[in-house]
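Structure, as structure tokens:
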Amino acid sequence: MSQELARPAATPPCADAARNTDNLYEVWGDTVDARHLVLAITVSAIVSLGAYGLALWILDGLVESAQMARAYAMLFGILGCLGGGAISAMLFKPKREVVEHVADPAFREQVVADLLKEYGSLGRLEETSPEVLAELHELGLYELFRDAQAREEQAREQRAETDVDTRDSLVLSGGRR
């Protein structure tokens, strides 16, 4: 009895830990469960072949040509494929995990610095359309570009002051203007 008291209580595993990823595969850029994939193929095959067989049986008596009956039945079989896909989509939920991550602020700053090096200037936010400004706000990039614009204007002012100082030193030293 004392051993039972010393044993920790069982805790239910979290949903992520309970998910078995051994049978998850990537097919055409999407994550699928192998068992659900096999079941979905089976459901689609049964529905499409059932639709084809039923249409062939019905159309065989209605259409004069057996060849035309088979052709129309194949169309119903194709519709059965679509129906089987819809049924499978309702039965088996997606297995993909969407993970959103916030980009590192230092990385964003580096990208802006690279843009400045490559293109020279990013332009002015005041000259940007309202749609682009709204998108920048939505993506959380407005402040980044506003700060970059302020740094760019400050650097331009410093260059202008340096140019004035250089010009003044040339005049004082007897250089030509």
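The values are calculated or read from the model by the stated rules, or taken from the named source; none is laboratory data. Keep in mind it's a predicted model, so treat the numbers as computed, not measured. Methodologically, a virtual Cβ is constructed for each residue, glycine included, from the backbone with ideal geometry; neighbour enumeration extends over all protein chains shown. Accessible surface areas use protein heavy atoms only, side chains included; no ligands, DNA or RNA. Shrake-Rupley method; radii C 1.70, N 1.55, O 1.52, S 1.80 Å.
Counted as qualifying within the stretch 1-79 are the helices (runs of 4 or more DSSP H) with 3 or more residues that are open to solvent by 80 Å² or more (accessible area, probe 1.4 Å), modelled with pLDDT of 90 or more and of a type outside the set (D, E, K, R), namely 34-62.
Kindly evaluate Arg159 against the criterion of being at pLDDT 80 or above and open to solvent by 50 Å² or more (accessible area, probe 1.4 Å). No, not satisfied.
Give the residues of the stretch 118-156 that are charged (D, E, K, R) and either over 27 Å from the mean Cα position of the chain (by Cα) or surrounded by 11 or more Cβ atoms within 10 Å (Cβ to Cβ) (or both), sorted by residue number. Break it down into steps so the answer makes sense when it comes.
First, pick out the residues of the stretch 118-156 that are charged (D, E, K, R): 118, 124, 126-127, 131, 135, 138, 143, 146-147, 151-153, 156.
Within the stretch 118-156, Glu118, Arg124, Glu126, Glu127, Glu135, Arg146, Asp147, Arg151, Glu152, Glu153, Arg156 meet the criteria.
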